[in-house]
Amino acid sequence: MAQSEAGGIGFTQRPEIDYDETYSPIMSGITFRYLISMAANLNLKMQLMDIVTAYWYGSLDSGIHMRVPEGLKIPGPNQNRNMFSVRLQRSLYGLRQSRRMWFNQLSNFLLQRSYINNDDCPYVFLKKSNDGFCIISVYVDDLNIIRTTRDIEEAMAYLKAEFEMKDLGKTKFCLGLQLQQLPEGVFCIPVHLY
């Protein structure tokens, strides 16, 4: 079933009836600039990954029903299609709580892999190792992995084993900033006049 065919109808959801929470942390531009500065000073690499259909990974924490989509059979050929509904087991694009459900799924996965984060910066995950650390910063369904090339490849491997992902290569554009990663590890951020 295509994404457009299975999209939720978020505008018909009612607060406190169909959902309780929609909040999901979003990385700020200031935090991202700090991470860029740290990567430049410590000669680290930044790799950008995109989670394909990220919201479909989130498990719902409440019962949500929707009309039976076209193409799905209903009991009895002469029955009124509007008399039936399907209960969702996974989050869909268009539901108000989809982003929060996705973030919870990713967060739980990273915490199980020995990453840590805190309430002040819940969208940045840090994993310490014998030779340093690896940082994964989250912006909706994009992940910036910051560390040496070997550590980035290791993090990408276990993330790809859990989620369908696209490797977008070295981070070149994120949160309105353009980056250039040079062999020396220096990042240039071109400033464009509007």
Under 7 Å by Cβ, and 6 or more places apart or on different chains, what pairs join a residue from segment 23-39 that is assigned to a helix (DSSP H, G or I) and at pLDDT below 85 with one that is surrounded by fewer than 19 Cβ atoms within 10 Å (Cβ to Cβ) and not β-branched (Val, Ile, Thr)? 29/175; 29/176
Just to be sure, is residue 170 closer than 19 Å to residue 43 by Cβ, among the charged types (D, E, K, R) and open to solvent by 30 Å² or more (accessible area, probe 1.4 Å)? yes
Would you be able to say whether some residue in segment 89-97 is closer than 20 Å to residue 54 by Cα, outside any loop (DSSP other than H, G, I, E, B) and of a type in the set (Gly, Ala, Ser)? no
Tell me, which residue of segment 61-98 that is at pLDDT 75 or above and of a type in the set (S, T, N, Q) is nearest to residue 140 (Cα to Cα)? 98
Would it be correct to say that residue 113 is at pLDDT 80 or above and more than 20 Å from residue 174 (Cβ to Cβ)? yes
Condition (residue is open to solvent by 20 Å² or more (accessible area, probe 1.4 Å), assigned to a strand (DSSP E or B) and either under 12 Å from residue 46 (Cα atoms) or among the small types (Gly, Ala, Ser) (or both)) applied to segment 108-124: is it met by at least one residue? no
Looking at 97, 89 in this structure, which one is more than 30 Å from residue 42 (Cα to Cα), surrounded by 14 or more Cβ atoms within 10 Å (Cβ to Cβ) and not hydrophobic (A, V, I, L, M, F, W, C)? 97
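The values are calculated or read from the model by the stated rules, or taken from the named source; none is laboratory data. Only a predicted model underlies this, so the values are computations on that prediction, with no experimental measurement involved. Cβ coordinates were reconstructed from backbone atoms using ideal geometry, including for glycine residues, and neighbour counts include every protein chain displayed. All accessible areas refer to the heavy atoms of the entire protein, side chains included, with ligands and DNA or RNA removed. Shrake-Rupley method; radii C 1.70, N 1.55, O 1.52, S 1.80 Å.
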